[in-house]
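Here the structure is laid out as structure tokens; the discussion comes afterwards.
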Amino acid sequence: MRFFALFTLGFFLLFPSGSFFAQTEISIVHPKFTLHGAPEDSALLYPRLTAGVDAVEQFFGQPFSRKFDVYVFPHRASLDKQWQQDWGDPTFQSACWMVASGVAHRLDILSPRVWATEACEHKAADTLALRRLLQHELVHVYHGQHNPKPDFNGMDEMGWWIEGLAVYASEQLDSARLAGLRELIDKNAVPQTLQKFWSGKHKYGLSGSVAAWLDQTYGRSVVVQLLSCTGTDQAMSVLKTDEATVLDRWQKFWSAHH
Ligand SMILES: [Zn+2]
């Protein structure tokens, strides 16, 4: 009993304020990140995060520029509280498909142990999807560390690039999403501006396919250069083109890749 009390106190000292964690939470230190969560969650996530960090560094050809924290939230209510604070909106309530987020200094995730009851569209037992989801968020962390706006504040219009890159670099641009994209192109139902790509049912296919096209057309070094852009206009000047040309060439590329 005494040990338990001391352990609780020790933990409280580690997280003296603003902590939503219960007394059974632990912290595991990796050279690139510190993982905070229940032992069961840490056992599941630590090896996958480690593999994800390696994969992201390999994709970009450079290491993460600084350490970050990963927080595993035991319930959606505690995750919402964190997001309310981060996004400055005390009324924010997340949608059931939202289970994680990533910015330069932190990655937040809802414990996969409660996805069955507190989330939709995600299955903890689908280990491939879990690996890709973690890698997606790690791309956001890496991106934030290489952008003048580390939390992407004010960059909503660039969702096509922020999300598209994370989708593409985490292999979430799968055959089902590409099939959905081809259907849109065939029906001539593609949005007319990049700003509208990260919205609606086909947002993963639309945004992810732009990142894939950029990588295959301009090469990885240009993808790396685009990390520092804070707006679509700036991205167009890096590409030395305009949005209409990009949309035209992107569509021709995917039409030819049927
Ligand atoms: Zn994302």
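Derivation of every value follows stated rules applied to the coordinates shown; laboratory data play no part. Please read all numbers here as calculations on a predicted model, not as lab measurements. Backbone-built Cβ (ideal geometry, glycine too); neighbour counts: all protein chains shown.
Being in a helix (DSSP H, G or I) and either in contact with an Asp or Glu (Cβ under 7 Å, 6 or more places away or on another chain) or buried (at least 23 other Cβ atoms within 10 Å of the Cβ) (or both) is the filter here; which residues of the range 182-202 pass it? Walk me through it before giving the result.
Keep residues of the range 182-202 that are in a helix (DSSP H, G or I), which gives 182-186, 194-196.
LEU194, GLN195, listed by residue number.
Of all residue pairs spaced 6 or more apart or on separate chains, those with beta-carbon atoms under 8 Å, a first member in the range 238-258 that is within 13 Å of LEU181 (Cβ to Cβ) and a second member that is among the charged types (D, E, K, R) and surrounded by 15 or more Cβ atoms within 10 Å (Cβ to Cβ) are TRP254/ARG182; HIS258/ARG182. Looking only at residues in the range 203-234 that are assigned to a helix (DSSP H, G or I) and of a type in the set (Gly, Ala, Ser), the one that is surrounded by the fewest Cβ atoms within 10 Å (Cβ to Cβ) is SER221.
Mind listing whichever residues of the range 62-77 are without any contact (Cβ under 8 Å) to a residue 60 or more places away in the chain and crowded, with 18+ Cβ neighbours inside 10 Å? VAL70, TYR71, VAL72, PHE73, PRO74, ARG76, listed by residue number.
Look at the range 93-139 and say how many of its residues are within 20 Å of PRO150 (Cβ to Cβ) and either more than 15 Å from the ligand (Cβ to nearest atom) or not in a loop (DSSP other than H, G, I, E, B) (or both).
15
Taking the criterion of being within 19 Å of LEU49 (Cβ to Cβ) and basic (Lys, Arg), the residues of the range 129-153 that qualify are ARG131, ARG132. When ALA51 is tested against (1) away from the ligand (no atom under 16 Å from the Cβ); (2) of a type in the set (A, V, I, L, M, F, W, C); (3) buried (at least 20 other Cβ atoms within 10 Å of the Cβ), only condition (3) is not met. Condition check for GLY164 on (1) small (Gly, Ala, Ser); (2) within 11 Å of the ligand (Cβ to nearest atom); (3) assigned to a loop (DSSP other than H, G, I, E, B): one failure, at (3).
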